[in-house]
Structures are given as C-alpha cells and as structure tokens.
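Asker: Once you've had a glance at the structure underneath, I'll fire off some questions.
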Amino acid sequence: QATSWTGAAGIGQFTHVGRKEVRRLIGLPAWSSRYSSEPVLAARLANFNRPDAFDPGVAIEASALMLASLIGKWNGNLEAGLTDYNAGGVAAKLVARAGSHARALPELLQLPEKIRSQSPEYAPKVLAAASYFDSTGLRAG
C-alpha cells in the first residue's frame, strides 16, 4: 500500500487529481475505443479511485494511459511527459499561466528542482532505463 508524503497512492503514485484525469481520459472516444475488448478493465478505469491505485494491473494500465496522454500534450517530448507525470497537477498550472505547452516547456523541465521532488532525476532515470532496454533488445514493442 505505497503512499507518498504527498498522498499519492499505489504503484503509479496517483493523487486525487491524477485519478480524476484517468476517469476523464477513459471517457474520451480516442481512449475508450482502445478498451472495447476489455470491458471490465474499461469500467475500472472509468471509475478509477484510490483502492484501484493499489491494484497493480489497473494502476499500470492507468499509468500508461496517463503517460501516453501527457506525452501527446507535450508534442511527443518524452522528457516533458515524464516530468509532467512526476510533477502531478503542478504542470497544468504552468501551462495555464504560460498560455501554451510550448511556452511552459522550459519551466516544466526545471520543475523537479523547483518543487524539491523526492526524485529530481525522475525523467533522466526513466530515459536511461529505456535506453538500456532498447540496447539489450528487452524492451517490448
């Protein structure tokens, strides 16, 4: 039952805002159609709440859904998407203040230091792991 000092829960470290965003995303046609062959999982994501964050199968699916959406918002910038995921709802406030994702990008990439995150090197560590798996052929897809 992993819970951070900020209240983020489960393997995906979802906050209330993150769980709400998963529920919003699964309601969009572009995402809901991907789960048409898995109605039970689709229903769990549509009602994603704190107990679901502790179910590894549902939480990993929710994390993938959220991360794919964030990377898309940042025009395919993987580092920005990972940083946004790690920063939680803070990035949305930056975008609102800056007026666009493009104008918010420099500040977003500095967020881990600014918010004194538990893991300021989150995006670089994930990118390094992805590079390792790419080089060994172990990465799926």
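The values are calculated or read from the model by the stated rules, or taken from the named source; none is laboratory data. Just so we're clear, the structure is a prediction, and the values are computed from it rather than from any experiment. Neighbour counts are summed over all protein chains in view; Cβ atoms, including those assigned to glycine, are modelled from backbone coordinates with ideal geometry. The area values use the complete protein model at the heavy-atom level, side chains included, leaving out ligands, DNA and RNA. Shrake-Rupley method; radii C 1.70, N 1.55, O 1.52, S 1.80 Å.
Asker: For Glu38 and Thr136 in the same chain, what is the full-extension length gain: residue separation times 0.36 nm, less their Cα-Cα distance, in nm? Before the final figure, lay out each step's value.
Answerer: Details: separation 98, 0.36 × 98 = 35.28 nm, distance 3.14 nm.
32.1 nm is the gain from fully extending Glu38 to Thr136.
Asker: Please state the shape class of the chain: rounded when a/c is under 1.5, otherwise prolate if a/b exceeds b/c and oblate if not, all from the C-alpha gyration tensor.
Answerer: Values: a/c = 1.40, a/b = 1.26, b/c = 1.11.
Rounded, because the longest to shortest axis ratio a/c is under 1.5.
Asker: Relative to the first principal axis of the alpha-carbon coordinates of the chain, what is the inclination of helix 122-136, with its axis defined by its Cα atoms, in degrees from 0 to 90 and to the nearest 10?
Answerer: Result, in degrees: 70.
Asker: At 222 nm, what value in deg cm²/dmol follows for the chain if DSSP H runs of at least 4 each add -39500 (n - 2.57) and the sum is divided by all its residues, to the nearest 500?
Answerer: Values: 10 runs with 91 residues, N = 141.
That calculation yields -18500 deg cm²/dmol at 222 nm.
Asker: Which value in nm describes the separation of the simple spin-label points at Ala30 and Ser4, placed 7 Å from the Cα toward the beta carbon?
Answerer: 2.5
Asker: Length gain on complete extension for the stretch Ala96 to Lys20, per 0.36 nm per residue less the alpha carbon to alpha carbon distance? Can you show the working numbers first?
Answerer: Values: separation 76, 0.36 × 76 = 27.36 nm, distance 1.82 nm.
Gain on extension, Ala96 to Lys20, equals 25.5 nm.
Asker: May I ask for the angle, rounded to the nearest 10°, between helix 56-73 and the longest principal axis of the chain, with both axes built from Cα atoms and the value confined to 0 to 90°?
Answerer: Helix 56-73 sits roughly 50 degrees off the main axis of the chain.
Asker: Pull out a ≥ b ≥ c, the square roots of the eigenvalues of the alpha-carbon gyration tensor of region 1-83, then state rounded if a/c is under 1.5, prolate if not and a/b is larger than b/c, and oblate in the remaining case. The partial results should precede the final answer.
Answerer: Numbers: a/c = 1.97, a/b = 1.05, b/c = 1.87.
Because a/c hits 1.5 or more and a/b fails to exceed b/c, region 1-83 counts as oblate.
Asker: Please work out the C-alpha center-to-center distance from region 52-88 to region 11-51 and express it in whole Å.
Answerer: Region 52-88 and region 11-51 have Cα centres spaced 12 Å from each other.
Asker: Suppose the chain between Asn47 and Ile11 were pulled fully straight at 0.36 nm per residue; how much longer would it get relative to their current alpha carbon spacing? Walk me through the numbers on the way to the answer.
Answerer: Numbers: separation 36, 0.36 × 36 = 12.96 nm, distance 1.75 nm.
Contour length minus the Cα-Cα distance gives 11.2 nm.
Asker: Okay, moving on. Would you mind working out the accessible area per residue for the chain, using a 1.4 Å probe, and quoting it in Å²? All intermediate terms of the calculation are to be shown ahead of the outcome.
Answerer: Values: 8290 Å² over 141 residues.
Computed with neighbouring chains in place, this is 59 Å² per residue.
Asker: So, with a 1.4 angstrom probe, what is the percent of accessible area on the chain that is carbon and sulfur? Walk me through the intermediate numbers first.
Answerer: Numbers: 4810 of 8290 Å².
The nonpolar share, carbon plus sulfur, comes to 58 percent.
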